[in-house]
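> Could you have a look at this structure, given as structure tokens, before my questions?
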Amino acid sequence: MKPTEAQIWDWLDQVPDPEIPVISVVDLGIVRDVAWQDDTLEVAVTPTYSGCPATSVISMDIETALRDRGVEQIRIRTQIAPPWTTDWLSDKGRAKLEAYGIAPPSPAGGPEKCPHCGSADVVRVSQFGSTPCKAHWRCNACLEPFDYFKCI
Amino acid sequence: MTRDEAFFEFLCRMGDNTLVLGHRVSEWCGHAPVLEEDIALANTALDLIGQTQMWLGLAAEIEGDGRSADDLAMLRDAWDFRNVLLAEQPNGDFGQTMMRQYLFDQYHLLMLQALAGSSDERVAGIAAKSVKEVAYHVERSRDTVVGLGDGTSESHRRMQAALDLLYPYVGEMFESDAVDAAMEEAGIAPDPASLRDAYDAALTQTMAEATLTLPDSRFAHSGGRTGFRHTEHLGHMLTQMQWLQRAYPGATW
Ligand SMILES: [Zn+2]
């Protein structure tokens, strides 16, 4: 019997993002659709950044996770439109990011507060950080550097 | 020239710009003046190479000759490249690299904003994706040009020299030919010349903030986007970029 789409979503929510393993690929909002086409499971995945090296690893991880649970025919479809936006991050994912020390994206264009001490006295070091999706910030209160998940 | 031939040319122009500039920027990896700049340049290069995969991937699809984006990037020689001459200019010092980046980013942003409304949904999709990344590129390159231009007397001198050196490569980005006319007629892409006023306004504003003087002359080198005549720098760059496929034809991993 074919697993239901809800079951597939649940499994995918256990596949960690390879660069930020505290959140899942579902939390990240990059799994856009899951649907059976006869006996083939089609999963639509949207890249975060066009050059993000994690994209191909993510597709491989998704395929492996589904195969491990007995899904045999899988097709990963890359979908670029509409473009990925940080609005698609789940609330659960945002909370996990912050607990992990990464400030979640904010429409104001910068973090609301330091993920370590909660101070609002923060300053941008660079628009770019350790991965394409993050910028580099620093807290003036506790003096710790931290990553900010860029809002796009 | 059929419509698809013009479309292929147009897509090569977009993809070769991002490929050649992306490779140039990647040459800084491990060499930038400070770690933050090194990371920023590497991320910019990565975005540009990612965009290249989309543009050249679509070019290969339109061509319908069985070639892939990789084939187009790695198996063509200099005369088949369609990037603007600005993209292939050497890095020079960090200031020169950032000036080249800003001059390109500002054009790139305007072009992608227009392409997001393309009649071809694949082009519109690639543009909508890329424009988000390029908005970050231009924010950073503009800040850097202003910071270094309006910085110390030494950084100011170098940024003015970079602007004087590179400004003659600006005009080519706004040239129009039969390919552009075909794209405009099909509603696929704007006439590049139509973007010039907005570009000039942005440049004037930025250079004023940077206390830099725009050259009076509108003289423009050209020949890159038509493939008529690239500068000597492209061929040298390709010997690096395509080294693996030249040394080990057909190598895969
Ligand atoms: Zn803090």
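The values are calculated or read from the model by the stated rules, or taken from the named source; none is laboratory data. Please read these numbers as outputs of a predicted model, since none were measured by experiment. All Cβ positions, glycine included, derive from the backbone under ideal geometry; neighbour counts span all protein chains shown. Side chains are part of the model used for accessible areas, which takes the heavy atoms of the whole protein and leaves out ligands, DNA and RNA. Shrake-Rupley method; radii C 1.70, N 1.55, O 1.52, S 1.80 Å.
> Can you find a residue in the range B:226-243 that is at pLDDT below 95 and of a type in the set (Val, Ile, Thr)? Write out each step before concluding.
Our first condition is that a residue be at pLDDT below 95; within the range B:226-243, this holds for none.
No; the residues of the range B:226-243 include none that is at pLDDT below 95 and of a type in the set (Val, Ile, Thr).
> Step by step: first the residues of the range A:117-152, then only those that are within 11 Å of chain B (Cβ to nearest Cβ) and polar (S, T, N, Q), then the one that is most open to solvent (accessible area, probe 1.4 Å). Which residue is that?
Of everything passing the filter in the range A:117-152, A:Ser130 is most open to solvent (accessible area, probe 1.4 Å).
> If a residue must be in contact with a strand residue (DSSP E or B) (Cβ under 8 Å, 6 or more places away or on another chain) and within 16 Å of the ligand (Cβ to nearest atom), how many such residues does the range A:120-134 contain?
5
> For A:Arg75, all conditions in the list (1) assigned to a strand (DSSP E or B); (2) away from chain B (no Cβ under 11 Å); (3) within 16 Å of the ligand (Cβ to nearest atom) hold save one; what is the number of the exception?
(3)
> Could you please let me know if A:Ala95 is over 18 Å from A:Thr48 (Cβ atoms), within 16 Å of the ligand (Cβ to nearest atom) and not in a loop (DSSP other than H, G, I, E, B)?
Working: over 18 Å from A:Thr48 (Cβ atoms): yes; within 16 Å of the ligand (Cβ to nearest atom): no; not in a loop (DSSP other than H, G, I, E, B): yes.
Taking the combined requirement at face value, the residue does not satisfy it.
> So B:Thr204 passes all but one of these: (1) open to solvent by less than 70 Å² (accessible area, probe 1.4 Å); (2) not in a loop (DSSP other than H, G, I, E, B). Which condition number does it fail?
With respect to (1) open to solvent by less than 70 Å² (accessible area, probe 1.4 Å); (2) not in a loop (DSSP other than H, G, I, E, B), B:Thr204 is out only on (1).
> Pull up the range A:99-116, narrow it to residues that are exposed (fewer than 12 other Cβ atoms within 10 Å of the Cβ) and in a loop (DSSP other than H, G, I, E, B), then point me to the one that is farthest from the ligand (Cβ to nearest atom). Please lay out each step first, then the result.
We begin by selecting, within the range A:99-116, every residue exposed (fewer than 12 other Cβ atoms within 10 Å of the Cβ); these are A:99, A:107-108.
With the extra rule that they be in a loop (DSSP other than H, G, I, E, B), the set shrinks to A:107-108.
On the way: A:Pro107: 21, A:Ala108: 18 Å.
If we take residues in the range A:99-116 being exposed (fewer than 12 other Cβ atoms within 10 Å of the Cβ) and in a loop (DSSP other than H, G, I, E, B), then A:Pro107 is farthest from the ligand (Cβ to nearest atom).
> Scanning the range A:135-152 for residues that are in contact (Cβ under 8 Å) with a residue 40 or more places away in the chain and either within 16 Å of the ligand (Cβ to nearest atom) or in a strand (DSSP E or B) (or both), which turns out farthest from A:Trp84 (Cα to Cα)? So that I can check it myself, show each step before the final result.
Here is the first cut: in the range A:135-152, the residues in contact (Cβ under 8 Å) with a residue 40 or more places away in the chain are A:146-152.
Checking which are either within 16 Å of the ligand (Cβ to nearest atom) or in a strand (DSSP E or B) (or both) leaves us with A:146-149.
Details: A:Phe146: 23, A:Asp147: 20, A:Tyr148: 17, A:Phe149: 14 Å.
Among them, the one singled out is A:Phe146.
> I'm trying to understand the selection: among the residues of the range B:118-155, which are of a type in the set (Gly, Ala, Ser) and within 18 Å of B:Ala189 (Cα to Cα)? Show your work before the answer.
In the first step, residues of the range B:118-155 are kept if they are of a type in the set (Gly, Ala, Ser); the result is B:118-119, B:124-125, B:127-128, B:130, B:135, B:141, B:147, B:149, B:151, B:153, B:155.
Once the filter is applied, which keeps residues that are of a type in the set (Gly, Ala, Ser) and within 18 Å of B:Ala189 (Cα to Cα), the range B:118-155 yields B:Ser118, B:Ser119, B:Ala124, B:Gly125, B:Ala127, B:Ala128, B:Ser130.
> Still on this structure: With the range B:42-158 as the region, which helices (runs of 4 or more DSSP H) entirely inside it contain at least 1 residues that are touching a helix residue (DSSP H, G or I) at 6+ places or on another chain (Cβ under 9 Å) and within 13 Å of chain A (Cβ to nearest Cβ)?
Values: elements: B:69-74, B:85-88, B:94-115, B:121-149.
Result: B:69-74, B:94-115, B:121-149.
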